[in-house]
Structures are given as structure tokens and as C-alpha cells.
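The values are calculated or read from the model by the stated rules, or taken from the named source; none is laboratory data. Please read all numbers here as calculations on a predicted model, not as lab measurements. Methodologically, a virtual Cβ is constructed for each residue, glycine included, from the backbone with ideal geometry; neighbour enumeration extends over all protein chains shown. Note: accessible area is taken over every heavy atom of the protein model, side chains too, but ligands, DNA and RNA are not part of it. Shrake-Rupley method; radii C 1.70, N 1.55, O 1.52, S 1.80 Å.
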Amino acid sequence: MNKFELLEKVKNELPETSGVYIMKNIDDEVIYVGKAKALRRRVKSYFDDSLKTEKTYALVSNIDHFDYILTNSELDAFSLENNLIKKYKPKYNILLKDDKSFPYIKIDMNERFPRIQVARRPKSESNVLLFGPYVTGTRISELITLIKSAYPIRWCNKNFSKIETLSRPCIHGEIGNCVAPCISYENEKAYYEVLNKVIDFLNGKTGDIKKQLKQKMNDCAKELKFEEALSLRNMLRSVENIDKELITELSTESDFDVFAIAEQDDVYCINVMMIRKGKNVGQFNFPITEVVGEKSDLLLQFISHHYQEKSMLAKEIVLKGLEEEQKEMLQGYLLMQFGRAVKVVVPKIGVKVELLQNAERNANEYLAHSRDRIEKKYKMTLEATERLKEMLGLKRLVRIEGFDISNISGKFSVSSMVVFENGEPAYKEYRKFKIKTVEGADDFASMHETLTRRLSDMLECKPNFEKRPDLILIDGGFGQLHSAAEAVTALGLNIPIISLAKRDEEICTTKSNQPLRLKKSDYVLRLLQRVRDESHRFAITFHRQLRGKSLKSSLSEIEGLGEKKITSLLKHFRSVEAISKASKNDLAKAEGIGEALAEIIFEFYHKDSI
């Protein structure tokens, strides 16, 4: 349809009620999804030249037709819009990668002798305490080190649910690093007293941990252990730095997220500031290109995708630029989605206004100093994907799946599947396979098995395999390509498949016997190389894991090696693979091994070559 036909359809068909509109291009690909309180008025605005930005012009010029779905309310439209964006991943909507997550500290009070654990995207569970998120990766490691240094808490992974008491503590209990609650009721009571102090510290009460660290630092200084005293002093300074992050105007119960959006030349950035227990636990910036919409709509869309687990939710969301109806809609959506009431605040005065201004400054600063990097990332991802789609003559290209095989002389043969969506790795979608039907090092047959299993699972809608790839990429030339393509066609599927020959970096397709050659600097070639290299890395990593497990189990098969001597070997060589490659003389140097046993170990790992 041309612009005038589209406008006539809007006037004649769309009602002035709430719903979702779905814009499609000439290839029937969904390029934009939006929601509206009044469908006709909203969709009609796209064709008003006086209101259009450059990005809106680009969207409208690609619209061939549109569909719409009526809803009972704007809240229902907002929820449906989010679900459709996640499903179709339209070019002109905000797309957040699903692997964005931050670490939390988790204490499971259902566990006997609860431990301090690190968790990402933890689910909200009864009687489980969560602290965080900790936006910067070093922060959580600092906290764990501080807790270990100050409090004798347990760090072992032993399951005590079926054990009454032990006769003696482990080495950590003997040297005082753990209260050893496992050996007596008195110790168990003492353990919970220590645990409550740790919980107080994680809740922002730092007085006790400062006292503990100062006492240990002074003791070390008296004993002339100056290196340990210096380390404890540095930890003490870390605690003092944590105290500095306390925003004095806020109560220690303050728990909210601040969202601010900045825009420079049609490139947007959203800054998220996280306040927990009255402290700024960190900020991050999310650059956005190729999106269409008002700032308030972009913020709403971003927030709805940002929160993926109930545990991520703050008690309040602070932002500006929302109307009262939009605030109520966002509150209703989060309640409906997560079953938790979240207050949406648009402050007029006070510290929250200052925090909003700070977040907005950060977003603007990020845009000012990262423009070149943002443009380069766009060229490497979305633009490269679009150009590859045109180059191959595809109707749709969002999801690329890359496959590779790894083995050594046919042993431990495995394959990998990596996924790139809109030019970026989608780590949660990665899958790995053990080769089951192929004997020896036959990469052609192994790839045939892998693709057959993966695509068969898709046809059967098996969990984690139901998504359809828009393009399959394998490593190799025309031989590997045509062999792999047979597996696809044998299942009656019409999924495009290409290969990338490593020697000359040529792109082989099933449509021609002549490869495509691109300049080494071409971002399309770089995208394919990233997919190919990532599938290779993932396959090798899985292969090494399997091989390492096999080698480790092999130690127990060696005559004369008991648990103590295996521990001694691992302590000396750090890995089983290093043991398998060591000389007799090096093996004999490990504590408790000696020349005779070293010869037995060496012969075990080199019997095929002796």
C-alpha cells in the first residue's frame, strides 16, 4: 500500500478504542509494534509530516501494511505490546538482551547452617534473603572478602540436612575460619549469632564489621604480621567507602530505581540508578538506536523489559515525564506481571529530583563520549544484519544459529549451537550436543546428526528448541555446506544455510557454486566471523569439559593412588591434564608420590605411545 491507501485504511477501519497496532513491511516482516489508548488517532499521527522525526520517516517509508488487535483497556494493550515485541523483535522497537543480569547475595534460611551465596536472577522464595543487586562486578567480590575476613561463617558446600553432628570440624573450623556449627548445639547457636551480624552488615549497619576488622588489624600489627595488617586496613577503607555511598537525605529503608532518558541527534540513552538501603549501589547506561516513539513511551517500553524477575523489582520507580494515567498503567502492569505492588513516582522537589538530574547528566555524558562507539556497534550488529539479509535475499533475518564440531581423533566428539539475535550473542539460547551415532572423526556425519536433532526438536516443539532460525551458519566450504543442507531438506524444511570457509573467509551459499567474497573490513563478514568463532569457542569449551571429567575419573583407576595422593597431585599440578602430560621426574616431585609411583602414573597415561 502507498501512503494514501494506508491513511484511508486508518480512517475507515481503526476505531477510537484501545489496542495494539503491528506495522509490517512489503515482505510481511513485523517492523514495529505499538499500543494506543485511541488506535485511530495514534496510527494517523505517523502520517503527519509535521510531527515526524528522521527515524519515524524511516519507519513510515518501510510500512506496506498493518494489523491491529483491540483490547479491553490500555493496560491490556501495554501488556500485549510487550509480549509481541519479545516475540517478533521488531527493528524499530527497544530490544533488550535477555542476558542482562546483576549479582545478588543470597542467604537461604531454609538451609541448615545457611551460607552466603552469590546468585544471578534469583527467584523470590519463602524464607530466602536477597541483598542487591550489585551493579559493579568487583563490588560483590569485595563484600564476600570482607565478610570472610571479619566473620567465621561457613563456606563449604556440604549438605547438613541429613547429618546430626560431626565428630570433628574440617580444617576451616580447626583454624577458626568457621564457627563449626556442625559439631555441637552450642556452636550452632553461636553460628546464628554470627549470621545475624552478617545480615546486619548487608542491611547497611557497618559498625560491627569495622570493629572486627580494627581488632584483627591491631592483633596482626602486634604480632608483626604487617602484610596481613595492611590487607585488613585496605578492607577497612572499603567499608568506609561503602558508607560514603549512603545518601544522607534518604532513610536506610529507601529502595528504588531511577530511570532517566537523554537524546542527541536521534540516538537515545537510558540511565538506570539503583538505590538499595539508602545507598547508590550503581548505575548503568543503555544506548538505543533505530527506535521510534516519544520519550515517555520509550521509558515505559524499556522498564517493562528491564524487569525480568520478581527479585529485580524495587519498591519504587522514580522517573519524570509520565502522565498520571501512564503511572497507573505501569503500576498495574507490574502488579499483574509479578504480583507485587510497585509505586511509580514523578517527584517535583527534594532528593529524588536531584537523583533524576544526576541520572540524566550521566546519560547525556555517556552519549557525548560514546557516540563513535555506539555508531560502530550499530554498524556491527543491526546494520550488518540488515545488509546480510539483503545480500542473501531473505525476507527476515533476526536469529542466526551457528554450529561447530569438536573432537580429538574422534574421541569426546561434541557439537555446539550458538545464537545471535539482531547481531548480538543471545547466551541463554546456546545449546550443546554429545555426538551419539557417529564413530570416529567424521565432521560431516557429526554435523548432519547435530542439525537433524536440533531441527527435529524444533518440529516437535521441545522446550528450549522451539524457536526457528532465520539463518544457519556452519564452518567450512561447499562440501560441508551441501552435506549440512541435506539434513535440513531431509526434514522438509526451507531454512537458509550458509558456510564460511576459514582459509579465504569466503561465504558459500546453496544458491550458487561461486562463493561471495567481501572485504576483510566489511561488517557483514565480521558478523559472520563472530558467529563462526563463537560456535568454535563454545564447542571446544564443552569438549575440554568432557575430556577433563574423563581424565579426573581416570586418576582413581591408577593402582596405588588413594584419595590423599590424588589430592597431592592435583595440588601440585593444578589440573588432571597437566598430570597426564607431566614427565616421570616431575611426577616424582609431588608430595607422597616417589619414583616408583611416578612411573606407574606416567605409563598409565602414555601406554598407547610406549
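Tell me, which residue of segment 250-274 that is β-branched (Val, Ile, Thr) and at pLDDT below 90 is farthest from the chain's Cα centre (by Cα)? The selected residue is 252. Which one is farthest from residue 381 (Cα to Cα), of the residues in segment 515-543 that are buried (at least 16 other Cβ atoms within 10 Å of the Cβ) and hydroxyl-bearing (Ser, Thr, Tyr)? Filtering first and then ranking leaves 535. Of all residues in segment 11-68, those that are in contact (Cβ under 8 Å) with a residue 40 or more places away in the chain and among the hydroxyl-bearing types (Ser, Thr, Tyr) total 7.
Inside segment 322-346, residues that are surrounded by fewer than 16 Cβ atoms within 10 Å (Cβ to Cβ) and in a loop (DSSP other than H, G, I, E, B) make up a count of 4.
Give the residues of segment 373-403 that are in a loop (DSSP other than H, G, I, E, B) and among the charged types (D, E, K, R), sorted by residue number.
Matches in segment 373-403: 395, 396.
Just the residues that are at pLDDT below 90 and not in a helix (DSSP H, G or I), please, taken from segment 71-89. Across segment 71-89, the qualifying residue is only 89. In this structure, residue 122 qualifies as in contact with a Leu (Cβ under 8 Å, 6 or more places away or on another chain) and within 30 Å of residue 284 (Cβ to Cβ). Is there a residue in segment 498-514 that is modelled with pLDDT under 85, under 22 Å from residue 476 (Cβ atoms) and surrounded by 14 or more Cβ atoms within 10 Å (Cβ to Cβ)? Within segment 498-514, one or more residues are modelled with pLDDT under 85, under 22 Å from residue 476 (Cβ atoms) and surrounded by 14 or more Cβ atoms within 10 Å (Cβ to Cβ). In segment 125-212, counting only helices (runs of 4 or more DSSP H) that sit wholly within it, the ones holding 3 or more residues that are out of contact with any Ser or Thr (no Cβ under 6 Å at 6 or more places or on another chain), closer than 30 Å to residue 312 by Cα and open to solvent by 40 Å² or more (accessible area, probe 1.4 Å) span 137-150, 185-202.
Scanning segment 553-583 for residues that are at pLDDT 75 or above, part of a helix (DSSP H, G or I) and surrounded by fewer than 16 Cβ atoms within 10 Å (Cβ to Cβ) returns 564, 567, 571, 578, 581.
Give, as residue ranges, the strands (runs of 3 or more DSSP E) completely inside segment 259-319 that count at least 2 residues that are touching a residue at least 12 places away in the same chain (Cβ under 8 Å), open to solvent by 10 Å² or more (accessible area, probe 1.4 Å) and charged (D, E, K, R). Write out each step before concluding.
Values: elements: 267-276, 279-288, 316-318.
Where strands (runs of 3 or more DSSP E) fall fully within segment 259-319, none carries at least 2 residues being touching a residue at least 12 places away in the same chain (Cβ under 8 Å), open to solvent by 10 Å² or more (accessible area, probe 1.4 Å) and charged (D, E, K, R).
I need the full set of residues from segment 213-230 which are part of a helix (DSSP H, G or I) and either within 33 Å of the chain's Cα centre (by Cα) or of a type in the set (A, V, I, L, M, F, W, C) (or both), in order please. Across segment 213-230, the qualifying residues are 213, 217, 220, 221, 226, 229, 230.
Among the strands (runs of 3 or more DSSP E) confined to segment 1-70, the ones with at least 3 residues that are surrounded by fewer than 16 Cβ atoms within 10 Å (Cβ to Cβ) and modelled with pLDDT of 90 or more are located at 65-70.
Every condition in (1) open to solvent by less than 40 Å² (accessible area, probe 1.4 Å); (2) of a type outside the set (Asp, Glu); (3) farther than 27 Å from residue 512 by Cβ is met by residue 450 except one, and the failing one is (3).
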